[in-house]
Every structure is written in C-alpha cells, then in structure tokens.
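Visitor: Have a look at this one.
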Amino acid sequence: MFMKKTILFIISSFLILGCEDNNINIDQRYIELCGDVQLQKSDFSVLSFNRLNNTSLNSVSAVIDQVNPDIIGLQESYEIGKQIADRYNYCFFGSDGMSTAYLSRFPIEVINDIHIKIELSPDKAINFMNVHLKAFPYQPYDIRDTLITTDSQAIHQAEQTRGANVDVLVDNINLVIKNEPLIICGDFNEPSHLDWVENAENPVRFLINNNQFTVDWPTSNKISNVGMKDSYRELFSSPVQFPGYTWTPQISNDEVYDRIDMIYHNSLLNVNDFKIIGPDDQSDIKLIDFESDHRAVYAVFSFD
C-alpha cells in the first residue's frame, strides 16, 4: 500500500499574499505527497473556498463531498488544510500558520510560495496559483460610508491596499502565461471591473450626483491585461442578470454584496461549467450546514 510522505521545509518569503500584514516572514511549509494518480477523463475540476477561520472540518468536508473537486485552493486554511488532505488523500502544500493552501489529487511540484505545477498525466500539466489578498481597508465599505466619493478614489485606494501584492502575482503570471495552462484562484477582497458597470446593483445603489457609481477596479484589470480570463464571466457575461455574489451569505441591512472570490484561466484552457456553493437561494449548489462567510466557487475545465 502506498504511504503518504510529508516533507517539511522552510521558505523565506519577502511577500506573502494573505489577509495578514505583508512583512518579511520565515514560515514552515509542508508538502504532502499523494499516490501517482493520473487524470482519467477529458476534464478536471477546481474548487476555491475561503472557509472562514475557526469553522469546522465537517463544514469544509460537506462542500468537498458535494462537488468532489480534483484541485482545491483554500483560503483561511490554517490547520484545516492538512486535515482535509489526510481525509481525502490529496497532495498538499501549505502550513498551519498561513491562509493559503493547495490540495490536488495529482502530483504537485512547488515553484514558489504562490505557484505550484500539477501533473495531471505524463503529457498534461497545469500551473496553479492561489492568493488571499488584503481585506482592509475594503473599498466597497468606504463607498457605502461615503469615505470614498469618486471612482478614481476607489481605484487609488484599492491600488494602495493590494497593488504591490497584485504586481507580484502578475510577475508570476508573466512567467507562464504564453507557454503553459494556468489557473489562478483566491479571495481577492476586491470586486471585478467586469461587475461594477452600468445598471449593476452596486453602481445603481451608490449614486453620486445622480450618476451610477461605476468603478474600473484595478486588481481584476491587471490580471485581465496579462491574458487571464474570468471563468465566471466567461459563462455568465451579464453582471446585471448574474451578479454571482460570493460575499456574503450573511445578511445584514448595511452589507455590500459583491463577487470577490474568483477563478481565472488562460487561453490554453476552456471553462465548461461554473457553480457557486452556499447556504441560500443565491447559490447554484445549496448546502444547509454551511459555516463560511464566503460562498465557494467551483469550475470545470478542459484543455483547448
């Protein structure tokens, strides 16, 4: 019987893409190797899920049981990530002390702290990146509270909050974008420029001088400008008809609902299906015992 092997190593990282403050950091990361599994079908699936720190192993397991993903990008993973890997026999890259973790049914090669390569079969591999960008200050809340009153202020503040992290991500994207299949997932903690457009809910809600508050958000723009495609918007192009909110299923009177959990892919992959998973009727897949404050997102891909 094949036995899992866990490798402990230390990465000295100058920038961790997480909710935490981004300081010089030395962190212990674990790689747990799984069996020599190969893709036996024409497509593969990806789950991205901010599971909300301190929620239960069973709650995360309920999501995984529902969709049975081949690859998972977890945010706010911490100690749960490795427990999930052990429960489902996934390959694993992550640590108890960090938000992002990678889980895969297929063998992985670690490129750096935010980039792994997954070998689906001897002749098929994908690059995979997982990020958790800084949450605060959260510009949609500042718009709600009239601390931001113009689109240019929103863009500037978003760039101040996440711009340096996104630039590191873009540098990594540029190393592989033209040559190999690439998927990026995560909690971006910023809406998409494809969503805050004319007649969508938030631009209509936050009128300024009777004009809709459209915003050309910078993070999604940067990712789009280097050739990545927003998988949800590839299949559901209208934010008016399909807002796709992932933040948040927790209802309150002054909440600003938005789509901040994304799965991107490059042109060497096709997206065939996309589901939003949560506890309510705004979810494509509805789970009763759902604890997170983010809906999860799930996509199915095939090679172009």
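Visitor: How much net charge surrounds residue 37 when only the other residues with a Cβ under 11 Å from the Cβ of residue 37 are counted, with Lys and Arg +1 and Asp and Glu -1?
Guide: -2
Visitor: So, one more: Would you please state the base-10 log of I(q)/I(0) at q = 0.13, 0.15, 0.18 1/Å for the stretch 124-233, with intensities from the Debye formula using one equal scatterer on every alpha carbon?
Guide: For the stretch 124-233, the Cα-only Debye profile gives -0.51, -0.66, -0.89.
Visitor: Another question, then. For the stretch 93-229, give me the percentage of DSSP beta bridges that are antiparallel, rounded to the nearest 5 percent.
Guide: The antiparallel fraction comes to roughly 65 percent.
Visitor: Report, please, the projected area of the stretch 160-204 averaged over directions, based on the convex hull of its C-alpha atoms, in nm².
Guide: Over every viewing direction, the Cα hull of the stretch 160-204 projects on average to 4.5 nm².
Visitor: I'd like the Kirkwood hydrodynamic radius of the stretch 88-131, using the inverse of the mean 1/r over distinct C-alpha pairs, in Å.
Guide: 10.9
Visitor: Excluding residue 211 itself, calculate the net charge of residues whose Cβ lies under 11 Å from the Cβ of residue 211, where each Lys or Arg counts +1 and each Asp or Glu counts -1.
Guide: After counting each charged neighbour, the total is -2.
Visitor: Same structure again: Using only the Cα atoms of the chain, what are the Rg and Dmax in Å?
Guide: Calculated on Cα positions, Rg and Dmax stand at 18.6, 69 Å.
Visitor: Sort 185, 34 so the one with the fewest other Cβ atoms within 10 Å of its own Cβ comes first.
Guide: Fewest-to-most ranking of 185, 34: 34, 185.
Visitor: Compute the acute angle (0 to 90°) between the alpha-carbon long axis of helix 79-88 and the principal axis of greatest extent of the alpha-carbon atoms of the chain; round to the nearest 10°.
Guide: Result, in degrees: 50.
Visitor: I would also like to ask the following. FRET efficiency for residue 54 and residue 145, Cβ-Cβ distance as r, R0 = 25 Å, nearest 0.05?
Guide: Here the calculated transfer efficiency is 0.40.
Visitor: For the stretch 192-222, list residues with backbone N below 15 Å from a point placed 7 Å from the Cα of residue 237 toward its Cβ?
Guide: 194-195
Visitor: Continuing with this model, one more query. What are the semi-axes of the equivalent ellipsoid of the stretch 86-175, taken as the square roots of 5 times the eigenvalues of the Cα gyration tensor, listed largest first and rounded to whole Å?
Guide: Equivalent ellipsoid of the stretch 86-175: 35, 16, 10 Å, largest first.
Visitor: Using only Cα atoms, find the angle between the long axis of helix 151-176 and the longest principal axis of the chain, and express it within 0 to 90 degrees, rounded to the nearest 10.
Guide: Long axis of 151-176 versus the principal axis of the chain: about 20 degrees.
Visitor: Another one. Quick check on packing: order 124-131, 78-85 by the mean number of other C-beta atoms within 10 Å, highest mean leading.
Guide: Ranking the peptides 124-131, 78-85 by packing returns 124-131, 78-85.
Visitor: Another question, then. What does the convex hull of the Cα atoms come to per residue for the stretch 26-143, in Å³?
Guide: Convex hull volume per residue, Cα atoms: 129 Å³.
Visitor: Mean 1/r over all different Cα pairs, inverted: what Kirkwood radius does the stretch 253-304 give, in Å?
Guide: Kirkwood radius, the stretch 253-304: 12.7 Å.
Visitor: Here's a follow-up. Treating the angle as unsigned and between 0 and 90°, give the value, to the nearest 10°, between the Cα long axis of helix 57-67 and the longest Cα principal axis of the chain.
Guide: Its long axis makes an angle of about 90 degrees.
Visitor: Per the Cauchy relation, a quarter of the hull surface: what is the mean projected area of the convex hull of the alpha carbons in the stretch 186-304, in nm²?
Guide: 7.9
Visitor: Give the whole-number value, in cubic angstrom per residue, of the convex hull volume spanned by the C-alpha atoms of the stretch 102-154.
Guide: Here the figure is 126 Å³ per residue.
Visitor: Mind giving me the FRET efficiency for residue 125 and residue 304? R0 is 25 Å, r the Cβ-Cβ distance, nearest 0.05 is fine.
Guide: 0.95
Visitor: To the nearest 0.05, what FRET efficiency results for residue 33 and residue 61 with a Förster distance of 25 Å applied to their C-beta separation?
Guide: 0.70
Visitor: Given contacts defined as C-alpha pairs under 8 Å and at least six residues apart, what's the relative contact order of the chain, whole-number percent?
Guide: 18
Visitor: On each of the three principal axes of the Cα atoms of the stretch 43-104, give max minus min coordinate, whole Å, ordered largest first.
Guide: Computed over the stretch 43-104, the largest-to-smallest principal extents equal 32, 21, 18 Å.
Rule-based calculations on the coordinates, nothing more; no lab input. The structure presented is a predicted model; accordingly, all values stated were derived computationally and were not measured. Counting neighbours? That spans all protein chains shown, and the Cβs are built from the backbone with ideal geometry, glycine included.
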